[in-house]
Amino acid sequence: MTTSRKPILECRNLTMRFGGLVALDNLSMEIRQGEILGLLGPNGSGKTTLFNVLTGIYTASAGNIRFEDRDISRLAAQEIYRCGITRTFQRSRLSLPLTIFDNIMIGNHQNLNHGFWFNLVQRSALKRQFEKNYDEAWQLVTTFSSSLGTKLFDAAGSVNMIDRRRIEICRALVSKPRLLLLDEPSAGMTHEETRELMDDILAVRERIPGLTIVIIEHEMNVIERITDRCVIFNYGKKLCEGTYREIAANLQVQEAYLGQS
């Protein structure tokens with residue numbers, strides 16, 4: 001049961017202000033080790049702002065964040081990445097002219113040797129590094145799609161939307177994070193593509209024991225199918241949390257998110 005899992009990340013009294021706009025309002029919540037947590041709420045309720053604060057794109061106006069018992073509230077984005085938190089974005093951030101392999105390796109920059117001497121002179125070591133990284137990239141993409149594994153040196157712009165989403169998730173996973181944040185991964189996809197991608201995410205969790213995933217998603221059938229627990233946002237506040245069945249039965253959720261009275 002997810003209730004017995006210890007928190008991997010905790011937010012306490014987290015507030016994010018943009019001038020007079022309060023995007024996160026005294027938010028306290030926890031993310032538990034190994035779960036798939038769904039974040040739901042109307043547009044503008046603070047979900048993506050939370051991701052931006054957790055990954056160091058924004059620095060919270062108040063409150064604190066602890067990840068694996070370390071305070072990361074004031075760390076820069078690169079330091080948070082090195083701690084083991086990665087993410088995807090709602091809008092694609094792929095470099096479409098680059099190969100699929102190159103796009104994935106952008107997510108592994110902390111583990112690559114960028115030295116001039118290494119890349120120009122130590123060619124045998126460079127070859128070993130390339131082979132290791134190629135194998136890791138191939139292992140990741142074939143978890144999603146066996147055919148994608150044959151296209152690692154094709155341009156990212158040559159594949160369809162679902163494969164682009166898969167590449168973005170692989171890029172976030174290649175550095176071996178412990179917490180993966182997915183911001184509306186099904187945006188722009190058909191229902192069938194969404195179903196396939198959710199199968200992929202469940203397969204990734206099976207393949208990487210201990211990986212914790214937080215997903216922002218508006219498709220309620222997706223949330224019902226893949227999440228262990230959900231947190232509902234409204235106006236920057238946590239409205240409620242629980243299993244999908246519990247939050248779907250909550251009258252406040254029905255009013256705020258589902259548009260029911």
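The values are calculated or read from the model by the stated rules, or taken from the named source; none is laboratory data. Computed from a predicted model, the values in this text were never measured in an experiment. Don't worry about glycine lacking a Cβ; one is built from the backbone with ideal geometry, like all the others, and counts go over all protein chains shown. The accessibility values were calculated without ligands, DNA or RNA, using every heavy atom of the protein model including side chains. Shrake-Rupley method; radii C 1.70, N 1.55, O 1.52, S 1.80 Å.
Inside region 126-156, residues that are hydroxyl-bearing (Ser, Thr, Tyr), surrounded by fewer than 16 Cβ atoms within 10 Å (Cβ to Cβ) and within 22 Å of the chain's Cα centre (by Cα) make up a count of 1.
Here Ile169 meets each of (1) modelled with pLDDT under 95; (2) in a helix (DSSP H, G or I) with one exception, condition (1). Selection of region 64-90 for residues being under 13 Å from the mean Cα position of the chain (by Cα), assigned to a loop (DSSP other than H, G, I, E, B) and not β-branched (Val, Ile, Thr) yields Gly84, Phe89, Gln90.
Inside region 201-256, can you point out the residues that are assigned to a strand (DSSP E or B), open to solvent by less than 30 Å² (accessible area, probe 1.4 Å) and not charged (D, E, K, R)? Don't jump to the end; show me each part of the working.
Narrowing region 201-256 to residues assigned to a strand (DSSP E or B): 212-216, 229-234, 237-242.
When the remaining residues are screened for being open to solvent by less than 30 Å² (accessible area, probe 1.4 Å), the result is 212-216, 229-233, 240, 242.
Those that are assigned to a strand (DSSP E or B), open to solvent by less than 30 Å² (accessible area, probe 1.4 Å) and not charged (D, E, K, R): Thr212, Ile213, Val214, Ile215, Ile216, Cys230, Val231, Ile232, Phe233, Cys240, Gly242.
Filtering region 17-52 to residues that are of a type outside the set (D, E, K, R), closer than 17 Å to Leu180 by Cα and either open to solvent by 10 Å² or more (accessible area, probe 1.4 Å) or in a strand (DSSP E or B) (or both) leaves Met29, Ile31, Gln33, Gly34, Ile36, Leu37, Gly38, Leu39, Leu40, Thr48, Thr49, Asn52.
Among the numbered conditions (1) among the small types (Gly, Ala, Ser); (2) more than 20 Å from Asp183 (Cα to Cα); (3) in contact (Cβ under 8 Å) with a residue 24 or more places away in the chain, the only one that Ser73 does not meet is (3).
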